[in-house]
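Below is one structure; the comments refer to it alone.
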Amino acid sequence: QVQLVESGGGLVQPGGSLTVSCTASGSTFGINTMGWYRQAPGNERELVASITSGGTTNYADSVKGRFTVARDNAKNTVYLQMNSLNPEDTAVYYCNCRDRWNINYWGKGTLVTVSS
């Protein structure tokens, strides 16, 4: 089992920046991909960004050039640096990891609100 704990959400003004982080604990030896999904009210959960243990990244088109995903394997931590935020980025951001057996684990989510 893997446990994921997110931190860093909050309120930010349009055009601002925010970084969220997520640390994994438990059976972390088998983790391959870590990343972030988000879910806005009335919408389905969608992939924001992911990064493999080797550093290969993947981004949703809507965040390319604005968001950066990074990972510290020694700390079992994944970060999401979000720049040029706009109200459409408002959502609950969920940390996700997938292990070598393709089992997905989820954090409880952290709310990011972009508003003036």
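The values are calculated or read from the model by the stated rules, or taken from the named source; none is laboratory data. It should be emphasised that the depicted structure is a prediction, and the values quoted were computed from it without experimental measurement. Methodologically, a virtual Cβ is constructed for each residue, glycine included, from the backbone with ideal geometry; neighbour enumeration extends over all protein chains shown. For the accessible areas, the whole protein counts, side chains as well, though only heavy atoms, and no ligand, DNA or RNA atoms are used. Shrake-Rupley method; radii C 1.70, N 1.55, O 1.52, S 1.80 Å.
Listing for the model above:
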| quantity | calculated |
| --- | --- |
| Checklist (1) surrounded by 12 or more Cβ atoms within 10 Å (Cβ to Cβ); (2) part of a loop (DSSP other than H, G, I, E, B) applied to E44, failing item | (1) |
| Only one of S25, S62 that is more than 10 Å from the chain's Cα centre (by Cα) and farther than 12 Å from L4 by Cβ | S62 |
| The one condition in (1) touching a Pro at 6+ places or on another chain (Cβ under 7 Å); (2) surrounded by 12 or more Cβ atoms within 10 Å (Cβ to Cβ) that G109 fails to fulfil | (1) |
| Members of segment 28-40 found to be in contact (Cβ under 8 Å) with a residue 12 or more places away in the chain and open to solvent by 50 Å² or more (accessible area, probe 1.4 Å), listed by number | N32, Y37, Q39 |
| Scan of segment 72-89 for residues that are β-branched (V, I, T) and either crowded, with 19+ Cβ neighbours inside 10 Å or in a helix (DSSP H, G or I) (or both), ordered by number | V78 |
| Sole residue being modelled with pLDDT of 95 or more, open to solvent by 70 Å² or more (accessible area, probe 1.4 Å) and farther than 15 Å from G8 by Cα, chosen from G65, G54 | G65 |
| Matching residues in segment 97-116 - criterion: being in a strand (DSSP E or B) and out of contact with any Ser or Thr (no Cβ under 9 Å at 6 or more places or on another chain) | N104, Y105, W106 |
| Some residue of segment 96-106 being modelled with pLDDT under 95, open to solvent by less than 50 Å² (accessible area, probe 1.4 Å) and in contact with a helix residue (DSSP H, G or I) (Cβ under 6 Å, 6 or more places away or on another chain) | yes |
| Filter result for Y94 (in contact with a Lys or Arg (Cβ under 6 Å, 6 or more places away or on another chain) and part of a strand (DSSP E or B)) | no |
